[in-house]
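What follows is a short report on a single structure.
The values are calculated or read from the model by the stated rules, or taken from the named source; none is laboratory data. Here the structure is a predicted model, which is why all the values come from computation and not from measurement. Neighbour counts run over all protein chains shown; Cβ positions are idealised from the backbone, glycine included.
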Amino acid sequence: MPRSVRIKDHHAETQLFEQRAAIAAVIMVIAMGLVISRLVWLQVVKYEYFADLSQGNRIRIEPIPPNRGLILDRNGLPLATNAPSYQLELTKEQVEDIDATLQGIAAIGLIDPESIPNIKRDLRGRRSFDAVPIKLQLTELELARFAARRHQFPGVEIRPRLTRYYPLAESAVHAIGYVGAISEEDKKRLDLDDYAGTTLTGKNGVEYAYENQLHGKAGFQQLLVNAQGRSVERIGDEAAKLERREPIAGNDLFLTIDQRVQQAAEEALRGQRASAVAIDPANGDIIAFVSTPAFDPNLFARGLSRPEYLALTEDPRRPMYDRVIRGVYPPGSTVKPMMALAALEYGIVTPENSIFCRGAYRMPGVSRPWRDWKPGGHGHVDMRKSIATSCDVYFYDIANQMGVDRIHDYLEQFGMGQTTGIDIPGEKNGLLPSTDWKKKAFRRKEHQIWFPGDTISIGIGQGYMTATPLQLAHATATIANRGQRFKPRLVRAIRNVTTGEISELKPSPLPPAHVNDPSAWDVAIGGMYDVANAPYGTARGATANAPYKIAGKSGTAQVFTVAANEKMKKAGDLAEHLRDHALFIAFAPLDAPRIAVAVVVENAPGGGSAFAAPIARRILDVYLLTPEQLAEQEAKKKPALPVPVPRPGDTE
Amino acid sequence: MSVDALDSSRTQRTLTGTARLLLALHIDGPLFIALCMVGAVGAIVLFSASGSSLNMLEAQLMRFGLGLTAMIMLAQVPPRIIRNVAPMAYVIGLIMLLLVMFTGDIAMGAQRWLDLGFVRFQPSELMKLAVPLACAWFLHERPLPPSLSSLLVLLLGIGIPTLLIAEQPDLGTSLLVAASGGMVVLLAGLQIRYILSVVGLLVPVAIVAWHFLLHDYQKQRVLTFLDPQSDPLGSGYHIIQSQIAIGSGGVFGKGYLNGSQVQLEFLPERSTDFIFAVVGEEWGLMGLVTVILLLMFVIGRSLYLAATAHDTFSRLASGSLALTFCVYVFVNTGMVTGLLPVVGVPLPFISYGGTAMVTLMAGFGILMSLCAKRKLVSR
């Protein structure tokens, strides 16, 4: 043992402790002495300086809000810009009686008396020297009215600010979104230091999703202000110290939207409750994104009054509702190409197998028949022809053979029943049913059972199945691309305003849809080509004469179930809200697809091929044709677009 | 008449009834009175700082009462029991810290609270007491100054809870927990050469902490401390405004309820971490020095009591509690006056806020129990 065992020596320990405690006490006295000398320095030596700052003249920090980034279409056409406007701002510390001031301003009609509690709540959360906007975008008249009585309202000032301006108003509003006053909810999400001096923030669509790109960074400047809060220039060494940091403007966004196509689609859908989406199959770029009716986003940037807001939200036509990503509809016959691919994948049929369609499908043991849309039937149809004629019986049969779970598993690969992942919020899932789903969806045991009959309706995109127009366009793009999928997107590039540098965003591929035999695509796409071109194709009227090759599929989704035995009623006889939805999906050109489109018209006066197909055709034309070709085209068919009348008996 | 009877009647005359009661309750009179004075000053200042809010004043007084009760009750617990409970309290505290890490509630962006069903509780507060007590327990039967192996055990025992709390993130409390453990080690007679090598180690540790451990907002505080003007809208705002408040108070202050920085709400967090600046603006240098002297008396008296304690455990534990209180005071006044970076440490007994006050009072209760003059108990 090299070292002796140490034993406790109580006396020595006590001494050690006392020595340490004494040192600690000395250090404490030194530390607190430091604090006190600091206090003497602050309160005695620099007293005048700080007393000045706090009482007479002091430095006020005024934030300089950054310019919000622009939103441009794919060719650089501005969709959202900034425009100068005047707003009324109130600075708490300069107002003696906030209640009286607000009531006074309400009395001259600049603010709504009902909004006073809201304004006060907003004021409470702000620092006393912050200028808080209480009324945005003053009109000339309001400006004049306030200017005349300005002396009555110390602490309330008119300030020029940049506000959001949407030059095309309603156009593409559901994609672009809009900005509105920063709410309590927004405050939780945003870094308020960066929003000092900013009144508006993105509320929806691209404006919301890309807020941190668009917003930029606030700057500030120091002002010398006197006791009344007015800015003063002071002589002496104070003025030299005033600092200023420039704000950093937000980044500009280039959308994937082609405004020319967008506008054409909007015109074609005008007056309907409808939506249309066009996607570039090669990268997921959204070329057009239309949901009608729409609304003017400039109202939100200005600030809506309560009645204006209620008028928007309670309009039965629901203009605020984004039908493209939130509307869910039975896809109807537009699912048939996917259904055909599924049947080939599972080896249920070969493309050449044909059936004889008598106009109704019977399942063994069930007396009720499932009717075809065409009362007499289509006769002999193989797979391609059954797509082209939209033969329901063929698809009842293959759906019945596959069973719902296999259909579910295959269609899932095309993005059905799940969000596509588009870069704006609020997307709905739609519903791709399965036996599992039904078990979870219904509480009562007897409702949870999946009946074979449920599957049969799924074969023609009815029953429980629903999809959003975006999902349909995405699935169409996937077919056009022979399985390759891309996440749909609205923003293709971001421009850094300071450096001018444009960074293109990479498309995001999704797991591809699988086929065992690539020739399956030829069958499905061939069927869609026949829909648009064959003499028996359902949509030939709208699509056959195009200067490029179109592949498409019509769909008519039943809203109101006509009893099977009853004679099929004509769409025109039903009340409007009970009429069928008209759908059409298409892509073109056939051999090298550049655009895939889905059109859904709610309660349309005609079926998919009669009503939705011409709209899809118009979108394809505007995108694919040169202006000269387009003009030529217009000249050819004189009674151009106006609502085609459905032929009797043809609901498909 | 016996001598005894004469003796006792003389004693009766010299001791007032109150003093006898205090002695019987193991309460140290001077410390008790000083604490009550600090509490009273705190209540007066808080009323002004809160914008004359009676609700906040009432809440603060309730907590002070609760703290006093806790203090008196803990002073009755025999030192032997405190010593034996110390390691258990430490282990329980550590388990709860881990629980908080995985399941805790998040309030104000930090994960500090543990919901025990009937009460929400910050385990880090328990650790402020458990860490120094456990360290003192660990050392009390070992020869002092501690050996290297003991020091390594202590380093782990202090380091783990400190890191767990720093991760929550609660830099202020983790600092106090580390300090409370470190004080025990220093008081136990840590050799000078170790102290020097720890100081040497701090540099690389600081570099690692800066790059890997500190959250952005904590780094921001340090950066802002170095140059408050760099971010006058954000974190620099606190320091600038608090210095204006203190400086403009001058020698005698602007008068109670008359501080413009305070009453016009220029000064942020004026009722919590920055309440010292309220004293400075309204009561001036005189007020601040009075508060500092009161607090220093509390620290000095506690240290004196610690030095007179009978056994090693009591000395180490109560010495550490006294010095940790000193760290509290120095860090808070230092940060409010711009000497130190802003870490969230309240001014004890004066800042508004519940748990910290009760913990502190409990600490003083333990200190009084450990240092009470007893008839040779728990050797």
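Here A:Leu269 fits the description: surrounded by 20 or more Cβ atoms within 10 Å (Cβ to Cβ), of a type in the set (A, V, I, L, M) and within 22 Å of A:Arg618 (Cβ to Cβ).
Among the residues of the range B:161-201, count how many are loosely packed, with under 14 Cβ neighbours inside 10 Å and either among the β-branched types (Val, Ile, Thr) or within 13 Å of another protein chain (Cβ to nearest Cβ) (or both). Result for the range B:161-201: 4. I'm trying to understand the selection: among the residues of the range A:60-73, which are surrounded by fewer than 20 Cβ atoms within 10 Å (Cβ to Cβ) and part of a loop (DSSP other than H, G, I, E, B)? Within the range A:60-73, just A:Asn67 meets the criteria. Of all residues in the range B:44-75, those satisfying the criterion of being free of Cβ contacts under 8 Å to residues at least 12 places away in the same chain and closer than 12 Å to B:Val358 by Cβ are B:Met62, B:Gly65, B:Thr69.
Taking B:Phe364 as the residue in question, decide whether it is among the aromatic types (Phe, Trp, Tyr), crowded, with 21+ Cβ neighbours inside 10 Å, within 14 Å of another protein chain (Cβ to nearest Cβ) and more than 21 Å from B:Gln168 (Cβ to Cβ). Spelling it out, it is not the case that B:Phe364 is among the aromatic types (Phe, Trp, Tyr), crowded, with 21+ Cβ neighbours inside 10 Å, within 14 Å of another protein chain (Cβ to nearest Cβ) and more than 21 Å from B:Gln168 (Cβ to Cβ). Residue count for the range A:550-577 under the criterion of being loosely packed, with under 15 Cβ neighbours inside 10 Å and either at pLDDT 90 or above or not β-branched (Val, Ile, Thr) (or both): the result is 14.
Tell me which residues, restricted to the range A:138-173, are crowded, with 18+ Cβ neighbours inside 10 Å and polar (S, T, N, Q). Selection gives A:Thr163, A:Ser171.
Quick grid of which residues meet (1) β-branched (Val, Ile, Thr); (2) at pLDDT below 90; (3) in contact with a helix residue (DSSP H, G or I) (Cβ under 9 Å, 6 or more places away or on another chain):
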position	(1), (2), (3)
A:Gly69	no, no, yes
A:Leu77	no, no, yes
A:Ala100	no, yes, no
A:Ile119	yes, yes, yes
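Screening A:Leu190, A:Leu123 for residues that are within 14 Å of chain B (Cβ to nearest Cβ), within 30 Å of A:Asp285 (Cα to Cα) and not basic (Lys, Arg) leaves exactly one candidate, A:Leu190.
With respect to A:Lys135, is the statement that it is out of contact with any Lys or Arg (no Cβ under 7 Å at 6 or more places or on another chain), farther than 29 Å from A:Asn496 by Cβ, basic (Lys, Arg) and crowded, with 18+ Cβ neighbours inside 10 Å true? Write out each step before concluding.
Values: out of contact with any Lys or Arg (no Cβ under 7 Å at 6 or more places or on another chain): yes; farther than 29 Å from A:Asn496 by Cβ: yes; basic (Lys, Arg): yes; crowded, with 18+ Cβ neighbours inside 10 Å: yes.
Here the answer is yes, as A:Lys135 does meet what is asked.
Remark: pairs (first residue in the range A:243-256, within 14 Å of chain B (Cβ to nearest Cβ); second residue aliphatic (A, V, I, L, M) and assigned to a strand (DSSP E or B); Cβ separation under 6 Å; 6+ apart in sequence or on different chains) = A:Pro247/A:Ile64. If you go through the range B:302-335 and pick out every residue that is under 15 Å from the mean Cα position of the chain (by Cα), surrounded by fewer than 23 Cβ atoms within 10 Å (Cβ to Cβ), more than 7 Å from chain A (Cβ to nearest Cβ) and more than 23 Å from B:Tyr90 (Cβ to Cβ), you end up with 0. Is it true that some residue in the range A:276-295 is surrounded by fewer than 23 Cβ atoms within 10 Å (Cβ to Cβ), under 30 Å from A:Asp392 (Cα atoms) and at pLDDT 90 or above? Within the range A:276-295, none of the residues are surrounded by fewer than 23 Cβ atoms within 10 Å (Cβ to Cβ), under 30 Å from A:Asp392 (Cα atoms) and at pLDDT 90 or above. Checked against the criterion of being under 24 Å from the mean Cα position of the chain (by Cα), at pLDDT 85 or above and closer than 27 Å to A:Glu501 by Cβ, the range A:216-223 has at least one qualifying residue. Selection of first residues in the range A:39-64 that are farther than 24 Å from A:Phe220 by Cβ and of second residues that are modelled with pLDDT of 75 or more and of a type in the set (Phe, Trp, Tyr), restricted to Cβ pairs under 9 Å at least 6 apart or on distinct chains, gives the following pairs, ordered by first then second residue: A:Leu42/A:Phe50; A:Gln43/A:Phe50. Taking the range A:460-504 as the range and being of a type in the set (Gly, Ala, Ser), more than 20 Å from the chain's Cα centre (by Cα) and farther than 17 Å from A:Ile585 by Cα as the test, the residues that pass are A:Gly463, A:Gly500, A:Ser503.
Can you confirm whether the range A:150-157 contains a residue that is within 14 Å of chain B (Cβ to nearest Cβ) and either closer than 25 Å to A:Arg306 by Cα or touching a residue at least 60 places away in the same chain (Cβ under 8 Å) (or both)?
Yes: the range A:150-157 contains one or more residues that are within 14 Å of chain B (Cβ to nearest Cβ) and either closer than 25 Å to A:Arg306 by Cα or touching a residue at least 60 places away in the same chain (Cβ under 8 Å) (or both).
Of the residues examined, A:Ala294 is not one that is in a helix (DSSP H, G or I) and of a type outside the set (Phe, Trp, Tyr). Residue count for the range A:381-439 under the criterion of being at positive phi and touching a helix residue (DSSP H, G or I) at 6+ places or on another chain (Cβ under 9 Å): the result is 6. In the range B:259-294, which residue that is of a type in the set (S, T, N, Q) and away from chain A (no Cβ under 11 Å) is farthest from the chain's Cα centre (by Cα)? Of everything passing the filter in the range B:259-294, B:Thr290 is farthest from the chain's Cα centre (by Cα). Within the set A:Asn533, A:Asn516, the sole residue that is more than 29 Å from the chain's Cα centre (by Cα), exposed (fewer than 12 other Cβ atoms within 10 Å of the Cβ) and over 30 Å from A:Phe254 (Cβ atoms) turns out to be A:Asn516.
Under the condition of being without any contact (Cβ under 8 Å) to a residue 40 or more places away in the chain and either touching a Phe, Trp or Tyr at 6+ places or on another chain (Cβ under 7 Å) or of a type in the set (Ser, Thr, Tyr) (or both), the residues counted in the range A:130-149 number 1. Taking A:Ala107 as the residue in question, decide whether it is hydrophobic (A, V, I, L, M, F, W, C), assigned by TED's automatic domain parsing to the domain that holds A:Ile158 and free of Cβ contacts under 8 Å to residues at least 60 places away in the same chain. In short, yes.
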